[in-house]
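This report refers to the structure that appears directly beneath it.
Derivation of every value follows stated rules applied to the coordinates shown; laboratory data play no part. Since we're looking at a predicted model, the values are computed, not measured. All Cβ positions, glycine included, derive from the backbone under ideal geometry; neighbour counts span all protein chains shown.
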Amino acid sequence: MRHLSDGALRRLYDEPYSLDEETRAHYNDCADCQARFATVADDARHTMGLLAVPAATVDPAGALARVKARNGTGSSAPRLTLVRGGGRRLMLGGLAAAVLAGAMVATLAFTPLAANLVKIFQPTQVTVVPVQASDFQGLSAFSNWGDVKGTSQGQLQQAETAAEAARIAGLPAIQVDSSTLPASLRKAPVSYGAVTQSSGTVTFNDNAPAKLRGSTLTLVAGPAEATLYGDLGRLAQGAMNAQGGAQGGAQGSADGTGSTSASGGDTGAGPSDADRQSIQQALSQVGPILAVAEMKSPQVSSTGASVADIKSALLAQPGLSPTLRSAISSIDSPSGNLPIPIPSGYVNSHNVKVQGVTGTAFGDNTGLGSAVVWIKGGKVYAVAGTVTEDQVLAVANGVR
Amino acid sequence: MTQDPEPETGRPKAPTEPFDRLFMAEYGKVVAVANRVLADRTEAEDVAQEVFLDFHRKHRSDASYAPAWLHRAAVHTALNRIRSRRRRERRELADARTEERPVVDPQLVVETDEDRRQVREALTRLPTKAASVLALRYSGLSYVEVGSTLGVGANQVGTLLRRAEQALRKEMTRATSV
């Protein structure tokens, strides 16, 4: 394959997920293209600095209402004349106030603050990194580097249909080929849900390394939608039973009447026999369950610091375990890679081919369930349930 | 799995008038595009209203080309304002000294505004298409939206953008070395 053109490299910087797999594969293996990309990215960041302007939060509902109020029209398209300087003289009449309240969400969505940010990372593939809790001790200083703010919290909403869930999430409806479902789930109750987009910012403060100070990262996740096959009521009851069983097992250990293994995941030692048994008992009462989820690929934008800056700052921290060092190095390497830390001892994983791309299949070590996650077309997909890996893969390949 | 009928949701109704829908959907983007060129939010809102009015006089609000038309008009109108009305520069400086600026160092304010003025001047010296692709993309429009606005394919936008960035850099270097 030929090298990527300058235009393709420029688009790779802004919209990495828009390039096809073959092009991305070439880029991942081509040192020449990667070196040229670095130049393209530097130029883009430089231009971003030149064209930076103060953020302009706009109020389209208020602007529309002002235009109409000035023209004495209530609803129809106005015989419009120019209204100047409205941004600094908020004159919210009754109509404007009402419209403003109703359109608050839309107003926020149109806020061009995001336009001042440069997208620095959007995962196109996931890899699993087995970690133990002790691996994260080397990152203790990191928690003091930034001031974290939640700018919008995703709202979970139940929907009556896949179409409604899709409408809430603003994504195409999940379509599952029912012939790929395990026989035990073909007549199971179906539930639908959606989660709206959530976002937050981290502004690096004076405790952060010099290269990061002052930069703000904006993390946007979702929206997402899911279809769940199985009995939700029994699932909730099963979860409570499992929790109760696990607590009982832990209590027994403390009393010296049972085994001495730990019941939590923090130790990274894997589930105890008591936990495994209680979870298995609870899930056997629930019956088979399967969830199919679709989420807009999360993305990180930055007002300054690049992924490379953040990685090098993290890797410069003393006391990182080899596992964590390797996980940090693999962020965006190859391009778009997102390492997901998984408690070691609980989950095994390996790469699988799904929908023509490389995905990751997970199987929990207790044999209770399986999952597969893949990223395609800027969206993250997951199929998970109390079924075998072959079954989740069959469903995954039938998702449209 | 998706053949289920859509039920009533009870959510707030979206605007029903075509002009209202267009205004609500595109106003933020149009302001952002104009603001990227002008670096002045108030003037950018003026430009946005002007292009909406102009569009309303000449076109149907539900025309499929409406967003592209508005975005293109926003760039052109904003560039024309810079080219033809130098007094805007003086107003920028006056505003910077008197309004809403958390910056307390007057020297920094002057330097920042001088930098912005030079960039805006450089933008006006670029070919219109180059200035447009910069304003549109750096306002947050996607490659598909930029391509639609400029009448080119999304795959060409990267090439145009790359060339425009190099041209802007060259203009800035030339301006600062004079």
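Under 12 Å from the Cβ of A:Gly193, count the other residues' Cβ atoms, weight Lys and Arg +1, Asp and Glu -1, and hand me the total.
Charge balance near A:Gly193 sits at -4.
Which shape class, rounded, prolate or oblate, goes with the range A:6-52 when its Cα gyration tensor gives a ≥ b ≥ c as root eigenvalues, a/c under 1.5 marks rounded, and past that a/b bigger than b/c marks prolate?
oblate
Under the definition of partner shielding as Cβ atoms of other protein chains within 10 Å of a residue Cβ, what is the mean value for peptide B:35-44?
5
Report the local net charge at A:Ser333: Lys and Arg +1, Asp and Glu -1, summed over other residues whose C-beta lies under 15 Å from its C-beta.
0
Return the long-range amide H neighbours of A:Thr151 (sequence gap of 5 or more, or a different chain), with a cut-off of under 5 Å between placed amide H atoms.
A:Ser199, A:Gly200, A:Thr201
What is the average number of partner chain Cβ atoms found within 10 Å of a Cβ in B:144-155?
1
Considering only the other residues whose Cβ falls under 15 Å of the Cβ of A:Lys311, what net charge follows from Lys and Arg at +1 and Asp and Glu at -1?
It works out to a net charge of 0.
Output the peptides A:321-327, A:294-300, B:35-41 sorted from most to least packed, where packing is the average of other Cβ atoms within 10 Å over each peptide's residues.
B:35-41, A:294-300, A:321-327
Pull out a ≥ b ≥ c, the square roots of the eigenvalues of the alpha-carbon gyration tensor of the range A:300-400, then state rounded if a/c is under 1.5, prolate if not and a/b is larger than b/c, and oblate in the remaining case.
oblate
Between A:Arg325 and A:Lys311, what length in nm is gained on full extension when 0.36 nm per residue of separation is reduced by their alpha carbon distance?
Contour length minus the Cα-Cα distance gives 4.1 nm.
Could you give each residue of the range A:164-169 its phi-based ³J(HN,Hα) in whole Hz, using Karplus coefficients 6.51, -1.76, 1.60 with θ = phi - 60°, and x for Gly or Pro?
5, 4, 5, 5, 4, 7
Let me confirm one metric for peptide A:377-383, namely the mean number of other chain beta-carbon atoms within 10 Å of its residues' beta-carbons.
Rounded to a whole number, the mean comes out at 0.
Under 5 Å between amide hydrogens, which residues at least 5 positions from A:Gly146 or on another chain qualify, with H placed 1.01 Å from N in the peptide plane?
It is A:Asn205, by chain and number.
Counting only residues 5 or more places away or on other chains, whose amide H sits under 5 Å from the amide H of A:Phe121 once H atoms are built in the peptide plane?
Amide H neighbours of A:Phe121, under 5 Å, 5+ apart: A:Val300.
Roughly speaking, what is the stretch gain from B:Arg57 to B:Thr173, that is 0.36 nm per residue apart minus the C-alpha to C-alpha distance, in nm to one decimal?
37.6 nm
Sort the following peptides by mean Cβ neighbour count (other Cβ atoms within 10 Å, averaged over residues), highest first: A:392-400, A:218-226.
Result, highest mean first: A:218-226, A:392-400.
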